[in-house]
Amino acid sequence: MTVPNLDDPNQAVFCIPFAGKTDEEEEDSHVPLPRSIHRERDLLDGEKLRIDAYMEAWSKCLDRVKSLIYALHAPIAADIVQEVSTSYDSVLSGLPYPELPVISVTNPTSASTFLDQVTAHTNSSELDNEELFDTTAFTTHLYPTDCVNLTSAMKAMIGGFVARSHILQEVKGRPATSLVNYDIEMLLAWYTAVRDTYDIKDACKPKLVVLLHDFEQLDPLVIQDVFSICSLYVSRLPLVFILALSSPASPSYLHTTYPRSTIALLRVRNYNVPSGAQLLEELVQKTFFDPEFEPDVVIGPSVLTFIKDYHDRHDSSLDAMIKILHLAHLKHFSAEPLTLLVNTTPSADILLERSAFPFIDALFTRLQASGERHDTSSNASGWSEQTLPTLIASVNNARGSFRARARRLRTGFGILKLVQKFMEQQGYKGLGWNLPGGAGILDVMNDVLLGKIGQDVKFLGTMVKKLRGAQLGALLEILHTYFNSLPSRIRSSEEEARTKLVFSINALPHETVDDTSGIASQVAASFGEWLVEYLNGVLAPLEDATLWDIWYTGLSPFPADLINPSVRASIVAGLLEPHKFAEASDEEDNERTSLALWELPDTSILFRRYLDSGKMINLYDWFESFQLELETQRKALKQRLVQRTSGSHSPTKRGRKGKAKAAEEADEEDDLDKWKLEVQARFMRAMQELDYLGFIKHTGRKADHVQRVVYDIHD
Amino acid sequence: MRRFGDDQDMSSDGDEVIEETEEELEEEEESGPEDFLTTTPSRGKRRRAAEEDNHNIIVQTAFDAYFTHATTRSRTSASVFSSLVPPLAAEEYAEAIASASKRQPSLPPIQASVLSESTRDLLFSRFMRELSEGFNLLMYGFGSKRRILNDFASTYCAKAGHVVVANAFHPDFSLKDLLSSIERAVPALPAAEGQGHTPEAQARRIHDFFAAPGPKRHLYLIIHNIDSAPLRTARAKSLLALLALTPRIHIVASIDHINAPLLWSTSECAARKPDPPLSSSLSHSHAHSHSPSPSPDDTHTHTRGEPRRGFAWLWHDLTTLEPYDFELAYVDRTSISGAHGGGPRKKADLSALQGAGGAAAMTETAALHILASVTQKAQKLFVLIGSTQLASIEDSGAGAAAGVGERERERERDLQQFGMGYDTLFTQARDNFIATNDTALRSLLGEFRDHGLVVSEQGTAGVGEVLWIPLRKERLASVLSSLKVDG
């Protein structure tokens, strides 16, 4: 196969044959990161080193987030699985007809991840094995697009079970004698066959779980019929329906939309999956502010703010949050060459290579700028074998000290939270985080990262100073437990704080002793002072660390355009000011900020006239104004040409001027017709381009008029 | 609220504007808001209107502008474009555009910065990384993105796996084409063993193949204009959503319509591909439940798990400023609404286009060539159909003088309504001794039909087959007159 001609207008789809190395059919993951914009100071294989660092950092973060989500979902998923497996165990006797078990799951935000979790339990994946009959259910999925009418819905549902060729071998029957594929008898026959083949006892017959995705989008009329058909077979087919709802549990969509006649057939159980702002806060907190977990890259306040805004305004799903974190990581590692140092420092051999000089130079400059400023005269050439190990060591040191700093920050945040929580428990307002109008915990995290928490810390300190003896004792106890529960690594580094705590606890007079001596208040005062000092020390901004931007995204903005673009504004800008998108190579163009209308491309001219017009546009008027502008363009261009030619070689021109003029006039006559056609063609082209972009509405209300759809203002 | 700073700015760059502004400010207060909405003003007046726009606080945002325009009657001239300007024939159009591009002196073309060599490489390597991170890419911005994406496909994607490029703007494009091409492009795909050839079954097979574990080449789908009509349907979207979240399938698509982002819901955009089993996650205690860790032989159950649906878009501004000539090549350049993307596809138009066996519509010259090579009888038959059609077009035009423009548009869109019933034609042909029986008439028509000069369709109830000539009124008239001269 050769590369097809992609410009062939008669073909709609092309296949480009594989052009890589033919023998390797391996997995990718060799796609390098894009080149850094600071290419000049990147290592030769910096992209590869950075991608390794990125992979490690991101998978660590993702694993953490996912295990947190999993842990949050696990109890409910387990409940649902339990519900499925026992759905036919305690059937109420004496009902006029058996009810169809239905489980409605309300999980507005995390549909896919949660349902995966449920199906992972219910779906019997190792059905070929003999031990399969511990498994509880077969699962099939129904999507709104499968269920446009009853036939297709039933077909999709039955097909979902029956088409698993690995369970039962497919038997080809004559069409005339076999059941149609949307007949529920077909499912019954299949189910009986499965039970016969695998010799399943009545007691543990596997359930048939039907998962209805995006339940609100399914046609109620169709689903009503599906329910009533299935309810006729309940006694023979253990069907269980799981409805994935995205509307709130009350008022329930099921009850508001479906008639009582349908609801009466169902036995509905409701489950709620945690979601919303609280979930987000908890996830962020436990991923980036938990002393027990150490992310490779600390996410900065700008990304956190974006996550919060995006969650509040656009999309509150967990997928969106993960996507934002993913992109933040990707961006962090794509931009800065130094990020390859996140986890490891390359060996001296690599750094000694000639191509690594700019990298080392940059690194050295950074280290020097932040460290003491001695020996500023030395540069990359000054680096030789004996200083390279020093450089590596100082990078390793910087990494270690940054990590320690981040750990302390997290610990400090934990204390801050504990003290605040304690105050709230005691009935004080404290910093008022959870009050209406108060800062959410995400805002507090931002403040901590930005180093703007000093005021709050001071305030908390003052409150602590005023605590009564018993209260202080309780607080100290809480803090003591907190320190003891920290991972040993942190605990050992916070030895000083723990000593202070123990000292304060011991200094407190026993509760039984009446507190007249004022010792308690003295202790409180000294502890409060210490606490302020300690927290301020611990919560120092990460930016103060050496080489901080390797491990911390800081204030670098999140590329919001990647997930929330302004498509319309971009197109309008492209039409109005095409030169802004042009290559900035021409100095001349840059100086002239505003161009005359005639200097723009056709479509832009037409669009400008479009913006000048009223609601309806008469095509002829439009055409005329366009024509005018093109005339201007022609004249101006001619003038420009004349100016240029007369400027450069006027003496030669002068001789032939008369002749040239005569020829020109003759040309013009002939040209005029051509020019007219050309203008019309250009108009049609520009107009159709605008139409293609969706700027024109054909109402057909007036002869050859079109309607405007965009009312943006050009200033 | 008037911004006086602006006044000065404006007057400083105009020449005699300074005197005018004073008067205008007064004028503006007296006159109603309609006054500055007159279109096609003289040059002086237009500048004034522009001036006023700048001063008037009402026209400050798009919302205000909308309400201002919506509440006022827009006054436009009564000239009708299609009656004043004769439509361009396809050749005329092509010639005019060619001469326009060759015209000297001309404006220097604007080269968008994304098209320059250096940024392009950076951009492409970024795209590749993002694709392999499990995102799909969506390109927006003004200008045709076809060339740059094709470039991306052939220089980068082709080295990484199979590539299928779809021109979704093509009038013949359908999702089925795309799916069948994928099946052709990927030789390793299991053949359809009689298990359904519907697009759903195809998409399912493709999904199953690429989602199954085991090393295999990736598939890159380049879809130009994923916002085109055939891909807007719910059915197409759900199939694409299935493919888009399949591991090892990567989609790079472009959109041009300003409202195209409305096609997808936020959750569809935010959906994520199932994460590849990370090396570290396998050791994780929970790992098996997120991504059922596959053993080599349970491919079925693995894919039978729940395939996710969504798009996982990452948006990129790819403003190229290139003309849309290729995309619009299939459009009737004489038609005002020809390039309008939305709505149902106009079948009559399309069949007229395809009748000629290619992308181009029937032209006058083509018609004359065909007519020159047929028999006298056939020519007579053509004249008969043509003049009947002309007469009926004129009738309808005269019948509703008020709505001429609308009629014209209608006609432009759908010549079928002026067609002639087969029975009527047969009667007339017999009366004129052109064909004495059905077989003879059919054989005469066959020649025209093969060349797309006569198009037929089953008419609405009771009419039976309807025949018409896919030529606009003016063209048809001139063809007929030249035939009469020859004859």
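Coordinate-derived values only; no laboratory data. Computed from a predicted structure; not experimentally measured. Ideal geometry is used to build each Cβ from the backbone, glycine not excepted, and the neighbour counts take in all protein chains shown.
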Q: Quick one, can you get me the convex hull of the C-alpha atoms of the stretch B:185-256 expressed as volume per residue in Å³?
A: 91 Å³
Q: Calculate one ³J(HN,Hα) per residue across the stretch A:296-304 by plugging θ = phi - 60° into the Karplus curve 6.51 cos²θ - 1.76 cosθ + 1.60, and present them in order as whole Hz with x for glycine and proline.
A: 5, 10, 8, 7, x, x, 5, 5, 4
Q.
At a 10 Å Cβ-Cβ cut-off, how would you order A:Trp190, B:Trp468, fewest neighbours first?
A. A:Trp190, B:Trp468
Q. For A:Leu595 and A:Met55, what does the FRET efficiency come to when R0 = 45 Å and r is the distance between their Cβ atoms, rounded to the nearest 0.05?
A. 0.45
Q: Per residue of the stretch B:145-161, in order, report the coupling 6.51 cos²θ - 1.76 cosθ + 1.60 (Karplus, θ = phi - 60°) as ³J(HN,Hα) in whole Hz, putting x for Gly and Pro.
A: 9, 5, 5, 5, 6, 4, 4, 4, 4, 7, 8, 9, 5, 4, 7, 9, x
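To the nearest 0.05, how large is the calculated FRET efficiency for A:Arg498 and B:Ala212 if R₀ is 56 Å and r is the Cβ-Cβ distance?
The computed FRET efficiency comes out at 0.55.
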(Q) Assuming 0.36 nm per residue, please report the length gained on full extension of the stretch A:Leu221 to A:Ser556 beyond their Cα-Cα distance. (A) 115.4 nm
**Q.** For A:144-154, mean number of other protein chain Cβ atoms within 10 Å
**A.** 2
**Q.** Sorted by Cβ density within 10 Å, fewest first, the residues A:Met463, A:Met321
**A.** A:Met463, A:Met321
Q: Amide H neighbours of A:Val210 under 5 Å, at least 5 residues apart or on other chains, H built in the peptide plane: list them.
A: A:Thr140, A:Val240, A:Phe241, A:Ile242
Q | Sites A:Ser646 and A:His714, calculated FRET efficiency, Cβ-Cβ separation with R0 56 Å, nearest 0.05 | A | 0.95
Q: Quick one: which residues, 5 or more positions from A:Leu266 or on another chain, have an amide H under 5 Å from its amide H? H modelled 1.01 Å from N in the peptide plane, none for Pro or chain starts.
A: A:Leu100
Q) Summing +1 for each Lys or Arg and -1 for each Asp or Glu, what net charge is found among the other residues whose Cβ lies under 11 Å from the Cβ of A:Leu562? A) 0
Q.
With a cap of 14 neighbouring Cβ atoms within 10 Å, and only residues DSSP puts in a loop, list the trypsin sites (Lys or Arg not before Pro) found in the stretch A:255-327.
A. none
Q | Backbone HN-Hα couplings from phi across the stretch B:171-176 [Karplus 6.51/-1.76/1.60, Hz, Gly and Pro as x] | A | x, 8, 5, 9, 4, 4
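Please compare each pair in A:Lys674/B:Lys473; A:Lys286/A:Lys465; A:Lys60/A:Lys500; A:Lys286/A:Lys421; A:Lys615/A:Lys638 to a cut-off of 25 Å on the Cα-Cα distance and tell me which ones are over it.
A:Lys286/A:Lys465; A:Lys60/A:Lys500; A:Lys615/A:Lys638
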